[in-house]
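The values are calculated or read from the model by the stated rules, or taken from the named source; none is laboratory data. Please read these numbers as outputs of a predicted model, since none were measured by experiment. Remember, those area values only see protein heavy atoms, side chains included, never the ligands or the DNA or RNA. Shrake-Rupley method; radii C 1.70, N 1.55, O 1.52, S 1.80 Å.
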Amino acid sequence: MRQAYPSDLTEAEWLLLEPLLPVKRARGQPRIHAYRDLLNGMLYVLREGVKWRALPHDLPPWPTVYAYFRDWQDDGT
């Protein structure tokens, strides 16, 4: 288990957000990263003000996090 970042979702925040997320992606490969880890990556970038490529290595890869961010932004998730 990785050390938590200040930007990580709390348990209460996760419980509120989890039901709002899509059950599965419409197309593409099966998901290998948990939604919570992807959200924590997004929040790290947004709250800490770093570039996508500066995501710490213990979070999912930045291209994956960014792809979910972009897709969810486009579809209104």
Can you work out ³J(HN,Hα) from phi for every residue in the stretch 70-77, in order, using Karplus 6.51 cos²θ - 1.76 cosθ + 1.60 and θ = phi - 60°, giving whole Hz and x for Gly and Pro?
-> 4, 5, 5, 5, 5, 8, x, 4
Just the number, please: carbon plus sulfur as a percent of the accessible area of the chain, 1.4 Å probe, no ligands or DNA/RNA counted.
-> 56
So between L17 and R70, what do we pick up on full extension, going 0.36 nm a residue minus the alpha carbon distance?
-> 17.3 nm
